[in-house]
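First comes the structure, then the notes that go with it.
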Amino acid sequence: STFSSSSSSSSSSAADAAAASASGSSRDMFIPVAYNYSFFHLIFALASMYIAMLMTGWGTVAQEKDRIDVGWTSVWVKIGAQATTGVLYCWTLVAPALFPDRDFS
């Protein structure tokens, strides 16, 4: 079987992939991904902590006289932001299944 090492150039791995698909042995071909799963999960964990911080008001000083983060308007803005974020995330999961001919890369 043919394996691409991470030190090989992308042009040779692309040529290897084309040759493997032409010969029908794409199962024997290993192409490493260009992104890091640990970085992905770190970013999403930090984003989740940030949203939780905004929702709970963590880090605000209780002795401020003029607070922006008080009242129902602030609550609804936060609810709207979370709903929008949730809808966008669900759309990124559902869109490739709904539109299989479109390239989402």
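No lab work stands behind these numbers, since they all come straight from the coordinates. What you see is a predicted model, and the numbers here were worked out from it, not measured in a lab. Cβ placement follows ideal geometry from the backbone for every residue including glycine, while neighbour counts extend to all protein chains displayed.
Ordered by residue, what ³J(HN,Hα) values in Hz, to whole numbers, does the stretch 41-49 give under the Karplus form 6.51 cos²θ - 1.76 cosθ + 1.60, where θ = phi - 60° and Gly and Pro are x?
5, 5, 4, 5, 5, 5, 5, 5, 5
Could I have the simple spin-label model distance between L98 and K78, label points 7 Å from Cα toward Cβ, reported in nm to one decimal?
Taking the two extended label points, one gets 3.0 nm.
Search the structure for amide H atoms under 5 Å from the amide H of F30, placed 1.01 Å from N in the peptide plane, and list their residues when 5 or more places away or on another chain.
Placed amide hydrogens put S4 under 5 Å from F30.
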